[in-house]
Structure formats: C-alpha cells, structure tokens
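Participant: Let me give you the structure first, and then I'll get to my questions.
The values are calculated or read from the model by the stated rules, or taken from the named source; none is laboratory data. On a predicted model such as this, the values are computed, not experimentally measured, just so you know. Reconstructed Cβ throughout: ideal geometry from the backbone, glycine too, with neighbour counts over all protein chains shown. Each accessible area value is taken on the protein alone, full model and side chains, heavy atoms only, with ligands, DNA and RNA left out. Shrake-Rupley method; radii C 1.70, N 1.55, O 1.52, S 1.80 Å.
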Amino acid sequence: MPPPLPDWDRVVIKVGSALIAPDDRGCSTTHLLPIARFIIESRHQGKEVILVSSGAVAAGLAEQDRDASPGLSIPERQALAATGQPLLMAHWRRLFDAPCAQVLLTYDDLQRRSRFVNAKNTIQELLDRDALPIVNENDTVATEELQVGDNDNLAAYVAVLAEADLLVICSDVDGLYDADPRTTPDAEHRPVVNRITDDIYDMVGGANRAVARGGMHTKVEAAEKATDRGIDTVLVNGTKGDHLDALGRDEMPGTLFRRVDRPLSARKHWMLHALPTAGRIVVDDGAAQALRNGGASLLPSGVVSVGGTFAQGDAVAVMVATDDGPSARIAKGITQYGTDALRRIQGRQSHAIADILGTAPADHVIHRDDLVLVD
Ligand code: GLU
C-alpha cells in the first residue's frame with residue numbers, strides 16, 4: 001500500500017519538457033490537461049501553487065522550424081528559449097482563468113541574498129493576488145557557469161525560496177526504480193525513499209533527451225535539496241492522468257522522498273546547496289572527529305592539504321585524509337583563508353599564524369557556524 005500524500009498548503013509543481021513537447025518540439029496539450037486540473041482544483045481548495053515549466057527551447061524549435069539535436073550550442077539554446085518562452089506562457093495561459101505571471105530566474109538570483117529576497121517577495125505578492133507564478137530559468141542570459149542548468153534543481157530552489165511544503169516533479173517515468181525500467185524489465189519500483197544516500201544516486205542514470213536537461217539524477221538532487229529543508233518531494237508520471245488525479249485525492253502514485261526529521265536552517269541550506277564549491281581542504285582524523293562530534297571549528301593544525309584555488313570567503317568541501325587519498329566530503333564550509341595562505345599555515349598551531357603570514361584574521365580556518373556536516 002503506498003503511503004498517503006503528506007498534508008500540504010503550498011506546492012511547487014515542475015513540468016518537464018517531456019510532457020510539454022512529447023515530440024521534442026512545440027507545445028502540446030496532450031499531457032497538460034490533468035496537470036492543469038490538479039492545479040485548478042488545488043487552488044479552489046485554497047491551496048497555493050507555483051508552476052515551474054520547461055519547454056521554452058522546445059517551443060522555440062517549432063517556431064524556428066528546427067529539429068531537436070543534442071548538440072545545441074549555448075547561444076543557440078539562448079535564442080531558442082527567447083523565441084519559445086512567450087509561446088510557452090501563452091500555452092499555459094489558455095488552460096487557466098487566473099492571471100499567469102512569468103518569473104524568469106538565474107542561479108545568481110538564488111545565490112545572492114538581496115536577489116533571493118526580491119524573488120521571494122515577488123512570488124509572495126503574486127500568490128497574495130491569486131496569480132499563478134510560472135517559473136523558468138532565464139536561459140536567454142544564463143551562461144554555463146551562471147545557470148542552474150536543469151529545471152528539476154530550479155524547482156527545488158524555488159520550493160525553498162517560496163517556503164513550499166511540497167515539491168511535485170512530473171516527468172515521464174513512474175517514479176524511482178532500482179534500475180532503469182526501460183532497459184531492465186524486472187526493475188523494482190520504490191514508493192518511498194526515507195533518506196537520500198549515495199546508494200540512491202548509484203541507482204540512477206543520466207539525461208536521455210535532446211531538449212530536456214535533467215534525468216533521474218537531477219530529480220534525486222532536487223529531492224535532496226528540498227527534503228533537506230523540510231519539503232516533501234514526490235515524483236509522478238505526468239503522462240498518466242490518473243497519477244495527477246490520485247494526487248488530487250491525497251494519494252501517492254509515484255515515489256515519495258520524505259523530508260528530513262531535522263531540516264537545515266536557511267543559512268546552512270544556502271551554504272550547502274546554493275554556494276558553489278570552490279575547492280577542498282583535506283583534514284586529519286583528529287580534526288574530522290572534532291568537527292563531527294565536538295561541534296568544533298576547523299583549526300589550521302588539522303589541515304593536511306589543500307586542493308583547487310579559492311579565496312577567503314569561498315565555500316569549500318572538507319574531506320578526511322586516508323591511505324587511498326581524500327575521503328568523500330564530510331562537510332562544507334566557508335573558509336577564512338585562501339589557498340596560498342592556507343598552504344603556509346596548514347599543520348601549524350593557531351598562535352603561529354600571525355608570525356607566518358604577518359597577520360591573523362582568524363585563529364580558525366572554518367568557524368563552526370560556517371560549517372555544515374554531511375553524512
Ligand atoms: N529551461 C529549459 C527550457 O525551458 C528547460 C530545462 C530543463 O529541461 O530542465 O526549455
């Protein structure tokens with residue numbers, strides 16, 4: 001018996017290109033009517049809905065009379081998205097009586113506090129006015145380094161930003177399987193995932209469509225981002241109208257990724273999931289124990305080596321030195337020292353920092369409050 005859908009008041013629902021453009025280009029209504037019905041009925045019940053919709057590139061392809069190909073360059077995608085985005089909005093608008101509001105975001109908007117707050121306020125205002133926010137990545141201006149890249153992760157960021165209590169990801173698969181059901185007929189369906197571990201990532205593969213950016217991997221990443229902040233996440237098959245109807249009856253047709261028991265604070269979530277990781281600091285066992293058990297800050301004496309190039313204030317991964325090289329990441333934190341300075345003080349006592357560097361802005365490398373442990 002699948003579990004019931006957890007109670008919710010505000011949902012972010014993500015609709016992928018596979019549903020909007022089943023033939024990889026254009027905008028189709030084939031799969032959108034049950035999704036629209038779910039949205040309309042939820043709104044009638046007084047619940048709040050934010051839609052994250054892909055499909056701008058696919059709509060642009062049809063408008064420019066081009067075929068989908070996996071090797072689209074960035075300028076090509078940007079031009080196609082610019083052409084297709086207004087068509088995508090018009091397509092959705094036909095399905096609702098409510099005003100539909102276009103919200104285009106980039107990674108920068110999610111990473112920088114002031115822009116994050118602006119986006120959050122706008123979405124709140126739209127909900128207060130009974131509009132339906134329809135979010136997409138601003139593909140036209142987002143370059144490779146500055147883009148979220150796929151709308152699964154974008155939807156998770158939006159769920160966090162909008163303080164939603166449910167994230168629904170609609171794609172063309174029935175949920176999570178322990179193997180790829182398209183190639184492994186006896187693959188087993190997982191109705192519930194209580195914790196997202198490395199095993200879950202090992203089970204899933206990559207993207208397989210020309211216009212969509214995501215695959216099962218990005219869906220699990222999105223679920224991890226959302227559940228870490230206390231947001232239940234469900235993966236449903238949007239090509240099956242009965243999946244959407246079941247959601248409307250508070251049933252759980254696909255896979256439920258349960259929210260964690262102790263969600264991360266907004267700041268720690270931002271550090272772990274929104275800040276890019278600029279490099280790594282490898283620490284000894286003693287330091288790792290102190291971080292894990294004692295709630296300590298990371299001191300230079302525990303640092304064994306430094307990888308990558310980073311500056312003071314950047315976010316870095318913390319790993320433990322083992323005989324086989326650095327372990328998996330045990331924490332992520334904001335460093336008080338850049339690469340060059342840290343190489344000079346690694347392995348040394350804090351009181352020696354001033355002598356070595358001529359200045360000692362902090363006696364720790366990462367302060368406890370600037371550190372998130374991961375397991
Ligand atoms: N933003 C892209 C679009 O609207 C889709 C990205 C994705 O498929 O995840 O075409």
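Participant: Scan segment 1-94 for trypsin sites (Lys or Arg not before Pro) in coil per DSSP, keeping those whose Cβ has at most 12 other Cβ atoms within 10 Å, and list them by number.
Facilitator: Details: sites: ARG10, LYS14, ARG25, ARG37, ARG43, LYS47, ARG66, ARG77, ARG93, ARG94; in loops: ARG25, LYS47, ARG66, ARG94.
Qualifying residues, ordered by number: ARG94.
Participant: According to the Kirkwood expression over distinct Cα-Cα pairs, how big is the hydrodynamic radius of the chain, in Å?
Facilitator: Working: mean 1/r = 0.0453 Å⁻¹.
For the chain, inverting the mean 1/r across all distinct Cα pairs yields 22.1 Å.
Participant: Right, something else. For the chain, what is the mean residue ellipticity at 222 nm derived from helices alone (per DSSP H run of n ≥ 4: -39500 (n - 2.57); sum divided by total residues; nearest 500 deg cm²/dmol)?
Facilitator: Working: 14 runs with 130 residues, N = 375.
Helices in the chain give a 222 nm mean residue ellipticity of -10000 deg cm²/dmol.
Participant: Can you list the residues of segment 156-178 with backbone N under 15 Å from a point 7 Å past the Cα of ALA187, pointing along Cα to Cβ?
Facilitator: Taking a point 7 Å out along Cα→Cβ of ALA187, the residues of segment 156-178 whose backbone N falls under 15 Å are 171-178.
Participant: Could you do me a favour and compute the accessible area per residue for the chain, 1.4 Å probe, result in Å²?
Facilitator: Details: 16960 Å² over 375 residues.
I get 45 Å² per residue for the chain.
Participant: Sticking with this one: Under 13 Å from the Cβ of LEU342, count the other residues' Cβ atoms, weight Lys and Arg +1, Asp and Glu -1, and hand me the total. Before the final figure, lay out the partial values.
Facilitator: Details: positive: ARG280, ARG343, ARG344, ARG348; negative: ASP314, ASP340.
Net charge around LEU342: +2.
Participant: Who wins for biggest fluctuation among ALA331, ALA101, ALA341 in a Gaussian network model of the chain, springs between alpha carbons below 10 Å?
Facilitator: So, out of ALA331, ALA101, ALA341, the one fluctuating most is ALA341.
Participant: Then there is this: How much length, in nm to one decimal, is gained on full extension between ALA82 and VAL117, taken as 0.36 nm per residue of separation minus their Cα-Cα distance?
Facilitator: Numbers: separation 35, 0.36 × 35 = 12.60 nm, distance 2.54 nm.
Contour length minus the Cα-Cα distance gives 10.1 nm.
Participant: Top mean-square fluctuation among VAL57, VAL283, VAL168, Gaussian network model of the chain, C-alpha springs under 10 Å?
Facilitator: Of VAL57, VAL283, VAL168, the Gaussian network model singles out VAL283 as fluctuating most.
Participant: Run the quick spin-label model on LEU33 and GLU144: label points 7 Å from Cα toward the beta carbon, then report their separation in nm to one decimal.
Facilitator: 4.3 nm
Participant: Can you give the FRET efficiency to the nearest 0.05 for GLN124 and ASP355, using r as the Cβ-Cβ distance and R₀ = 51 Å? Display every interim value, and only then the final one.
Facilitator: On the way: r = 52 Å, r/R0 = 1.02.
The formula returns an efficiency of 0.45 here.
Participant: Tell me whether segment 80-119 comes out rounded, prolate or oblate; compute the Cα gyration tensor, take square roots of the eigenvalues as a ≥ b ≥ c, and use a/c under 1.5 as the rounded threshold.
Facilitator: On the way: a/c = 5.19, a/b = 1.75, b/c = 2.97.
Oblate, since a/c reaches 1.5 and b/c is not below a/b.
Participant: Which shape class applies to segment 116-176: rounded if a/c is under 1.5, otherwise prolate when a/b exceeds b/c and oblate if not, where a ≥ b ≥ c are the square roots of the Cα gyration tensor eigenvalues?
Facilitator: Values: a/c = 1.98, a/b = 1.13, b/c = 1.76.
Judged from the Cα gyration tensor, segment 116-176 comes out oblate (a/c at least 1.5, b/c at or above a/b).
Participant: Now, a different point. Measure out, as a whole number of angstrom, how far apart the alpha-carbon centroids of segment 346-367 and segment 89-120 sit.
Facilitator: Taking the Cα centre of each part, segment 346-367 and segment 89-120 sit 45 Å apart.
Participant: Work out the length of the dipole vector of segment 245-303 about its Cα centre, built from +1 on the beta-carbon of each Lys and Arg and -1 on the beta-carbon of each Asp and Glu, and round it to the nearest 20 debye.
Facilitator: Dipole size: approximately 200 debye.
Participant: Okay, next question. Label VAL374 and ALA328 with points 7 Å out from Cα along Cα→Cβ: what is the distance between them in nm?
Facilitator: 1.0 nm
Participant: Could I ask something else about it? Considering only ASP324, ASP152, ASP139, give the residue with the highest GNM mean-square fluctuation for the chain, with springs between Cα atoms whenever their separation is below 10 Å.
Facilitator: Of the options given, ASP324 has the highest mean-square fluctuation.
Participant: Here's another thing I want to ask about it. Set the Förster distance to 41 Å, then compute FRET efficiency between ALA131 and ASP363 from the Cβ-Cβ distance, nearest 0.05.
Facilitator: On the way: r = 51 Å, r/R0 = 1.24.
Result of the calculation: an efficiency of 0.20.
Participant: With viscosity set to 1.306 mPa s at 10 °C, what whole-number translational diffusion coefficient in µm²/s follows for segment 258-327 from Stokes-Einstein and a Kirkwood radius over Cα pairs?
Facilitator: Working: Rh = 13.5 Å.
The Stokes-Einstein estimate is 118 µm²/s.
Participant: Quick check: net charge around ALA98, other residues with Cβ under 10 Å of its Cβ, Lys/Arg +1 and Asp/Glu -1?
Facilitator: Details: positive: ARG43, ARG93, ARG129; negative: ASP97, ASP130.
Once all neighbours under 10 Å are counted, the net charge is +1.
Participant: Let me ask another. Shape of segment 1-120 from its Cα gyration tensor (a ≥ b ≥ c, root eigenvalues): rounded if a/c is under 1.5, otherwise prolate when a/b > b/c, or oblate? Display every interim value, and only then the final one.
Facilitator: Details: a/c = 1.89, a/b = 1.32, b/c = 1.43.
Oblate is the answer for segment 1-120, as a/c is 1.5 or above yet b/c matches or exceeds a/b.
Participant: Of all DSSP beta bridges in segment 241-375, what percent run antiparallel (nearest 5)? Before the final figure, lay out each step's value.
Facilitator: On the way: 16 of 22 bridges.
The answer is about 75 percent antiparallel.
Participant: Can I ask one more? Of the DSSP beta bridges with both residues in the chain, give the percent that are antiparallel, rounding to the nearest 5. Walk me through the numbers on the way to the answer.
Facilitator: Values: 21 of 54 bridges.
Among the beta bridges of the chain, antiparallel pairing accounts for roughly 40 percent.
Participant: Calculate how steeply helix 74-93 sits against the longest principal axis of the alpha-carbon atoms of the chain, using the helix alpha-carbon long axis, and give the answer as 0 to 90 degrees to the nearest 10.
Facilitator: 50 degrees
Participant: Express in nm, to one decimal, how much length is gained between GLN289 and ARG249 on full extension, taking 0.36 nm for each residue of separation and deducting their alpha carbon distance.
Facilitator: Numbers: separation 40, 0.36 × 40 = 14.40 nm, distance 4.74 nm.
This chain segment gains 9.7 nm when fully extended.
Participant: Another question, then. As I understand it, the dipole of the chain uses +1 on the Cβ of Lys and Arg and -1 on the Cβ of Asp and Glu, about the Cα centre. Which of VAL320, ASN136, ALA162 lies farthest toward its positive end?
Facilitator: ALA162
Participant: Compute the length gained on full extension between LYS47 and ASP202: take 0.36 nm times their separation in residues and subtract their Cα-Cα distance, giving the result in nm to one decimal.
Facilitator: Working: separation 155, 0.36 × 155 = 55.80 nm, distance 3.57 nm.
That pair, LYS47 and ASP202, stretches by 52.2 nm at full extension.
Participant: With a Förster radius of 51 Å, plug the Cβ-Cβ distance of ASP67 and SER265 into 1/(1 + (r/R0)^6) and report the FRET value to the nearest 0.05.
Facilitator: The pair ASP67/SER265 has a calculated efficiency of 0.60.
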